[in-house]
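Quick notes on the structure that follows.
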Amino acid sequence: MKRCYLPLFAVSLAVAPLYVPPVVASSSSTSVMDEVVVTASRIGESKKEISANVDVITNEDISNSLSVNVGDLLAEKNLGHIQKYPGSLTSIGIRGFRTDTTGNDLQGHVLILLDGRRAGSGNVDKFLTKNVERIEIIRGPGAVQYGSGGMGGVINIITKQGTKNSMFAEAGAGSFDTYEGSIGGEVKQDAFDFAGSFTSATRDDYKTGDGERYHNTGIDYQNGISANLGYSFSETQRLGVIFTSFDVNKSGSPGYISQSDLDDYSNKDNYSTDLKYTGATADSSYQWMARYFIGRDKNKWVDPIDSNPDFYDDGEGTTNKTDQMGAQIQASRTFDISTLTVGFDWLDYEVENSYAPEKTVYDNPALFLLGNTSVFDRQLTLNYGLRYDWYHVKVKEGDGNDEDQTHLTPMIGVAYQVTNYLKLRAQFAQAFMMPSASQLSADYDTSYGSHIQGNPDLNPEKSTTYEGGVDVDWKGLAASLTYFYTDFKDKIVSDYLAGGSQSWENLGDATIAGFETNLSYDIGVPLQWSWEVRPYFQATFLTEYEDKETNDDLYYTSGTQYSAGVKVNNGNGIFCQFNVNHTGSQDIQDWESGTYPTPIVKLDSVTIADFTASWRFYEDETFGALTARGEVSNIFDKEYAYVNGYPMPGRGLFISLRWDY
């Protein structure tokens with residue numbers, strides 16, 4: 001089904017004009033406060049009016065990185081707590097919560113968006129970077145905007161939209177027999193626009209810092225397509241189609257690699273198609289958007305029967321498949337001092353697992369109101385929102401019951417622009433995660449001999465967050481400091497019933513509190529250098545992360561996480577960056593031990609250094625520009641793991657050549 005899009009992609013690239021002047025990179029002179037973001041309110045607004053703590057990975061950041069997927073990019077930036085496995089599988093955590101990597105995003109506590117709608121997966125490795133314009137990150141609750149799952153934060157991956165005529169090709173190779181290649185480009189011709197890319201990669205098994213090679217850590221191949229095609233009826237009205245596809249074959253072992261079978265592997269894929277219409281009046285006092293989307297997320301873990309004779313899947317593989325479709329409709333009206341956005345979201349998930357005889361359906365319509373009101377010459381902005389969700393879950397095939405739930409979510413915040421360079425902000429917001437269809441209504445025997453029984457009395461998991469912060473943007477200095485306090489209730493945990501059945505119950509409350517800080521300073525500004533030389537430091541320090549039931553620290557949660565380094569950019573094709581990432585130690589359950597009760601052990605802290613550089617060494621109006629790029633990852637060849645039992649690669653070298661036309 002996905003192959004039919006390749007000819008369309010090739011034809012779209014071919015119609016690009018034969019020449020476009022090479023783009024000259026330059027250091028951004030735009031104030032951080034004036035940057036426009038869309039994720040916090042679902043329409044574009046200046047950061048100075050936002051009461052949440054928002055990070056932006058810019059197009060320049062993405063272009064200067066050699067990360068081929070969003071998981072690697074987030075790990076490089078260390079903007080959240082990383083859980084990375086071999087074989088294209090990465091979970092990202094924010095404020096003690098994280099995405100769910102095994103299937104859809106319904107059971108995750110950090111929500112991944114693709115162009116403003118649910119991406120359908122919590123595995124950020126499934127989204128490639130070559131056609132990404134920017135990534136916006138809300139730290140803290142985003143449930144009033146996007147519904148269930150946005151407790152710790154929301155990560156919005158925004159694809160490019162064609163604004164010029166250009167094309168590129170890039171090829172690279174590196175350690176562990178790594179090979180990557182990408183092609184892509186943009187078209188802007190009258191009312192028609194297009195932006196797209198195709199990326200393919202392969203890698204052999206890697207060695208860790210102590211020189212030991214681990215099997216089943218490579219990938220046979222990984223392909224990704226992203227295309228954003230649109231037609232503008234006027235300067236303010238556009239109809240667009242967005243298509244994304246990811247497919248990785250024989251990627252890593254489904255089990256602990258320290259106990260790896262040489263013939264075990266996993267396959268993963270994700271694809272989606274959006275039809276989106278946006279419009280506005282000439283003065284933007286009215287704005288509107290309508291979207292319909294479909295998609296599928298699928299994972300398959302294969303343990304061939306020759307080496308696993310007692311494994312329950314009989315060697316055919318265990319699969320998890322989620323079919324997704326949904327719609328969004330919203331309209332905004334700007335008055336003298338206020339902007340109001342009202343809208344309707346609808347989401348439908350069908351979940352099918354090979355180990356269960358049932359197919360479950362998760363249906364979720366919602367209404368929302370978002371707004372802001374600015375007074376005192378727009379110095380003081382009040383942000384507010386309210387969302388009401390209906391949930392209907394049922395078993396489409398197999399035994400089980402229909403269940404219904406509802407949830408009301410509020411948010412209110414204030415941003416005060418004290419001066420042009422100083423902003424104070426505070427926010428109160430709630431978030432939630434609805435129980436899954438299986439957790440509420442399942443009633444079946446699994447293929448491995450146990451009985452699963454849903455609990456219709458389950459409540460949603462809920463959180464309440466209070467936060468306050470300060471942002472500074474002054475003469476090359478960009479800084480922020482945020483304190484947050486989150487009260488988490490009604491955690492859903494497994495409940496083992498008499499007779500061997502498994503169900504679920506609400507058991508467990510927690511408190512998570514701490515500080516987030518972001519500091520960078522371009523020392524070239526006061527010295528009037530033409531180059532940007534910017535040291536930076538970004539960190540999260542948790543002062544409290546305690547399970548109220550046990551009074552123990554939360555599992556899989558680090559109290560300290562930071563990144564620090566310096567980047568240098570001459571604004572004309574020379575860039576380099578030295579970066580150090582640190583994740584503190586954490587208490588974890590040692591599932592690799594194979595014993596029960598599972599022992600609690602401490603996973604060591606991780607500190608990794610990387611160096612990235614690029615040089616545009618050739619530039620010609622007729623033939624385009626050539627840029628050499630290189631990266632040394634894990635410079636000091638550290639032995640480390642983000643997840644117990646899954647050691648990461650040792651020192652790696654990667655170089656590439658990029659042609660822009």
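Taken together, the residues in the range 632-649 that are open to solvent by 40 Å² or more (accessible area, probe 1.4 Å) and in contact (Cβ under 8 Å) with a residue 60 or more places away in the chain amount to 3.
The single condition from (1) at negative phi; (2) touching a Ser or Thr at 6+ places or on another chain (Cβ under 8 Å) that GLY252 fails is (1). Figure legend. Inter-residue proximity from the range 482-509: first residues closer than 22 Å to GLU467 by Cα, second residues crowded, with 16+ Cβ neighbours inside 10 Å and of a type in the set (A, V, I, L, M, F, W, C), beta-carbon distance below 7 Å, spacing 6+ or different chains. Indicated pairs: PHE484/ALA513; TYR485/ALA513; THR486/ILE512; THR486/ALA513; PHE488/ALA510; PHE488/ILE512; ASP509/PHE488.
Condition check ((1) farther than 25 Å from GLY476 by Cβ; (2) open to solvent by less than 30 Å² (accessible area, probe 1.4 Å)) across all residues:
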| site | (1), (2) |
| --- | --- |
| ASN569 | no, yes |
| GLN577 | no, yes |
| VAL580 | no, no |
| ASP587 | yes, no |
| ILE600 | yes, no |
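When you scan the range 546-560, do you find a residue that is closer than 24 Å to GLU76 by Cα, modelled with pLDDT under 90, touching a strand residue (DSSP E or B) at 6+ places or on another chain (Cβ under 6 Å) and surrounded by fewer than 17 Cβ atoms within 10 Å (Cβ to Cβ), even just one? For the range 546-560, residues closer than 24 Å to GLU76 by Cα, modelled with pLDDT under 90, touching a strand residue (DSSP E or B) at 6+ places or on another chain (Cβ under 6 Å) and surrounded by fewer than 17 Cβ atoms within 10 Å (Cβ to Cβ): present. Cβ separations smaller than 8 Å between residues 6+ apart or across chains give the following pairs from the range 283-299 residues that are open to solvent by 70 Å² or more (accessible area, probe 1.4 Å) to residues that are not in a strand (DSSP E or B): ARG296/GLY120.
Please work out if ALA415 is of a type in the set (A, V, I, L, M) and either in contact with a Lys or Arg (Cβ under 6 Å, 6 or more places away or on another chain) or buried (at least 21 other Cβ atoms within 10 Å of the Cβ) (or both). Yes: the conditions hold for ALA415.
Can you spot a residue in the range 221-229 that is surrounded by 21 or more Cβ atoms within 10 Å (Cβ to Cβ), over 21 Å from the mean Cα position of the chain (by Cα) and on the phi < 0 side of the Ramachandran plot? No, the conditions are met nowhere in the range 221-229. Among residues of the range 454-484 being out of contact with any helix residue (DSSP H, G or I) (no Cβ under 8 Å at 6 or more places or on another chain) and open to solvent by 60 Å² or more (accessible area, probe 1.4 Å), the one that is farthest from GLU516 (Cα to Cα) is ASP457. Considering only the range 193-202, I want to know if a residue exists there that is in contact with an Asp or Glu (Cβ under 7 Å, 6 or more places away or on another chain), over 30 Å from ILE635 (Cβ atoms) and touching a residue at least 60 places away in the same chain (Cβ under 8 Å). So far as the range 193-202 goes, yes, one or more of its residues are in contact with an Asp or Glu (Cβ under 7 Å, 6 or more places away or on another chain), over 30 Å from ILE635 (Cβ atoms) and touching a residue at least 60 places away in the same chain (Cβ under 8 Å).
When you look at GLN161, is it of a type outside the set (Asp, Glu), buried (at least 24 other Cβ atoms within 10 Å of the Cβ) and not in a strand (DSSP E or B), yes or no? Spelling it out, it is not the case that GLN161 is of a type outside the set (Asp, Glu), buried (at least 24 other Cβ atoms within 10 Å of the Cβ) and not in a strand (DSSP E or B).
Take the residues in the range 448-479 that are small (Gly, Ala, Ser) and at positive phi, then tell me which one is modelled with the lowest pLDDT. Applying the filter and picking the extreme gives GLY449.
Considering only residues in the range 519-545 that are open to solvent by 60 Å² or more (accessible area, probe 1.4 Å) and over 25 Å from TYR485 (Cα atoms), the one that is nearest to the chain's Cα centre (by Cα) turns out to be TYR521.
Which numbered condition in (1) surrounded by 22 or more Cβ atoms within 10 Å (Cβ to Cβ); (2) touching a helix residue (DSSP H, G or I) at 6+ places or on another chain (Cβ under 7 Å); (3) of a type in the set (A, V, I, L, M, F, W, C) is the only one that PHE243 fails? Against the list (1) surrounded by 22 or more Cβ atoms within 10 Å (Cβ to Cβ); (2) touching a helix residue (DSSP H, G or I) at 6+ places or on another chain (Cβ under 7 Å); (3) of a type in the set (A, V, I, L, M, F, W, C), PHE243 comes up short only on (1). When the residues of the range 498-513 are filtered to those that are on the phi < 0 side of the Ramachandran plot and not aliphatic (A, V, I, L, M), the one that is surrounded by the most Cβ atoms within 10 Å (Cβ to Cβ) is TRP504. Of everything in the range 235-258 that is among the β-branched types (Val, Ile, Thr) and either touching a Cys at 6+ places or on another chain (Cβ under 8 Å) or modelled with pLDDT of 95 or more (or both), the residue that is nearest to TYR271 (Cα to Cα) is THR244. Residues that are closer than 30 Å to ALA513 by Cβ, more than 26 Å from the chain's Cα centre (by Cα), open to solvent by 30 Å² or more (accessible area, probe 1.4 Å) and charged (D, E, K, R) do occur in the range 602-615, at least one of them.
If you check GLN589 against the conditions, is it at pLDDT below 90 and more than 22 Å from the chain's Cα centre (by Cα)? Considered against the rule, which asks whether it is at pLDDT below 90 and more than 22 Å from the chain's Cα centre (by Cα), GLN589 comes out as yes. Among the residues of the range 432-447, are any at pLDDT 85 or above and open to solvent by 30 Å² or more (accessible area, probe 1.4 Å)? The answer is no; no qualifying residue exists.
I'm checking my understanding of the structure. Among residues of the range 10-64 that are over 30 Å from PHE623 (Cα atoms) and acidic (Asp, Glu), which one is modelled with the lowest pLDDT? Going through the qualifying residues, I end up with ASP34. GLY652 satisfies every condition listed in (1) in contact with a Pro (Cβ under 9 Å, 6 or more places away or on another chain); (2) under 17 Å from THR217 (Cα atoms); (3) in contact (Cβ under 8 Å) with a residue 60 or more places away in the chain except (1).
Selection of first residues in the range 172-190 that are open to solvent by 80 Å² or more (accessible area, probe 1.4 Å) and of second residues that are of a type in the set (A, V, I, L, M), restricted to Cβ pairs under 6 Å at least 6 apart or on distinct chains, gives the following pairs, ordered by first then second residue: TYR179/ALA173. Would you point out which residue out of THR381, THR318 is open to solvent by less than 50 Å² (accessible area, probe 1.4 Å) and either at pLDDT below 90 or more than 30 Å from LEU424 (Cα to Cα) (or both)? Answer to the selection: THR318.
Restricting attention to the range 352-362, does a residue exist that is assigned to a strand (DSSP E or B), at pLDDT 90 or above and surrounded by 20 or more Cβ atoms within 10 Å (Cβ to Cβ)? No, the range 352-362 contains no residue that is assigned to a strand (DSSP E or B), at pLDDT 90 or above and surrounded by 20 or more Cβ atoms within 10 Å (Cβ to Cβ). For the range 95-114, filtering for residues that are among the hydrophobic types (A, V, I, L, M, F, W, C) and either within 21 Å of LEU542 (Cβ to Cβ) or assigned to a loop (DSSP other than H, G, I, E, B) (or both) leaves 4.
Does any residue of the range 117-126 turn out to be surrounded by fewer than 24 Cβ atoms within 10 Å (Cβ to Cβ) and at negative phi? Yes - at least one qualifying residue is present in the range 117-126. Scan the range 372-384 and tell me whether some residue there is among the charged types (D, E, K, R) and assigned to a strand (DSSP E or B). There is no residue in the range 372-384 that is among the charged types (D, E, K, R) and assigned to a strand (DSSP E or B).
The values are calculated or read from the model by the stated rules, or taken from the named source; none is laboratory data. Just so it is clear, the model here is predicted, and its values are computed rather than measured. Using ideal geometry, Cβ is built from the backbone for each residue, glycine included, and neighbour counts are taken over all protein chains shown. Areas reflect the complete protein model, heavy atoms only, side chains present, ligands, DNA and RNA absent. Shrake-Rupley method; radii C 1.70, N 1.55, O 1.52, S 1.80 Å.
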